[in-house]
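Below you'll find the structure, written out as structure tokens, and then a few comments.
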Amino acid sequence: MIIAGVDEVGRGPLAGAVVAAAVIFKDAIEGMGDSKKMSSKRRNMLSERIKAKALCYAYGRVDADEIDQVNIHQASLLAMKRAIEGLSIRPARVLVDGKYCPLIDIPCEAIVKGDALVDVIGAASILAKVARDDEMLMLDKQYPGYGFAQHKGYPTAFHRQALQRLGPCLIHRRSFAPVRLALQSVE
């Protein structure tokens, strides 16, 4: 049976996209797990190994403006759906990290802490995290002063101070309270 693992990253940041990855393996790869508990060096190494050994993988993303339109929960599900739809092989079953399944026409099971419990979900977690982190590194150059390369858009003290000092940029999620407050202080 062909099983796809799916996970998303980027629910908590104040800026940037929610990114999901879906992956299908022929054989298991050792060393998978929750991407948030790994060093970036280990994630990057495993990401390359996953891409080389996967039958296929795909990404789905939802940008800040669309997150603001649909809310972060729906955006996360939509990113997962887009990743699944991007696979070149149709899986017979989908396993996703979390409590909720995206609306797809394939049997799907949500597994809480699935990224730590199921290798194929852990692999998707790693792919999604590396892809989103790489995006934030590029956006740091496009929007200097916010520190995106360091905090990846998460609401650190430095990021909140930059928001107050510079105001929100195009990739900030305006529906998130700290960004809304920064917008009000700019107006």
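The values are calculated or read from the model by the stated rules, or taken from the named source; none is laboratory data. Since this is a predicted model, take the numbers as computed values, not measurements. Every residue, glycine among them, receives a Cβ derived from its backbone with ideal geometry; neighbour counts consider all protein chains shown.
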Next item on the list: Please specify each residue of the range 23-37 satisfying the condition of being closer than 14 Å to E8 by Cβ and not in a helix (DSSP H, G or I).
Entry: V23, D34
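Filter the range 144-175 down to the residues that are part of a loop (DSSP other than H, G, I, E, B), surrounded by 20 or more Cβ atoms within 10 Å (Cβ to Cβ), of a type outside the set (V, I, T) and on the phi < 0 side of the Ramachandran plot and list them by number.
Taking the range 144-175 first, the residues part of a loop (DSSP other than H, G, I, E, B) are 144-147, 152-156, 167-171, 173-175.
Subset that is surrounded by 20 or more Cβ atoms within 10 Å (Cβ to Cβ): 146, 152-153, 168, 171, 173.
From what is left, the residues that are of a type outside the set (V, I, T) are 146, 152-153, 168, 173.
Scanning the range 144-175 gives Y146, P168, R173.
Take Y154 and decide whether it is touching a Cys at 6+ places or on another chain (Cβ under 9 Å) and touching a residue at least 60 places away in the same chain (Cβ under 8 Å). Outline the logic, then answer.
Working: touching a Cys at 6+ places or on another chain (Cβ under 9 Å): no; touching a residue at least 60 places away in the same chain (Cβ under 8 Å): yes.
The answer is no for Y154.
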Margin query: So E109 ticks every box in (1) in contact with a strand residue (DSSP E or B) (Cβ under 8 Å, 6 or more places away or on another chain); (2) surrounded by 15 or more Cβ atoms within 10 Å (Cβ to Cβ) but one. Which box is left unticked?
Written below: (2)
Check: Which of the residues belonging to the range 38-61 are hydroxyl-bearing (S, T, Y), farther than 24 Å from I89 by Cα and in a helix (DSSP H, G or I)?
Finding: S40
Checklist line | For I24: the one exception among (1) hydrophobic (A, V, I, L, M, F, W, C); (2) under 19 Å from A116 (Cβ atoms); (3) crowded, with 16+ Cβ neighbours inside 10 Å; (4) more than 16 Å from the chain's Cα centre (by Cα) | finding: (2)
Next item on the list: For D140, state whether it is of a type outside the set (V, I, T), touching a helix residue (DSSP H, G or I) at 6+ places or on another chain (Cβ under 7 Å) and buried (at least 23 other Cβ atoms within 10 Å of the Cβ).
Entry: no
Item checked: Pairs, first in the same structural domain as D97 (by TED's automatic domain parsing) and over 26 Å from A15 (Cβ atoms) in the range 109-137, second aromatic (F, W, Y) and assigned to a loop (DSSP other than H, G, I, E, B), C-beta under 6 Å, six or more apart -> A110/Y100
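Being more than 27 Å from A149 (Cβ to Cβ), of a type outside the set (G, A, S) and crowded, with 22+ Cβ neighbours inside 10 Å: is that true of P91 here?
It is true that P91 is more than 27 Å from A149 (Cβ to Cβ), of a type outside the set (G, A, S) and crowded, with 22+ Cβ neighbours inside 10 Å.
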Note to self: Could you tell me how many of the residues in the range 83-113 are on the phi < 0 side of the Ramachandran plot and assigned to a loop (DSSP other than H, G, I, E, B)?
What the structure shows: 17
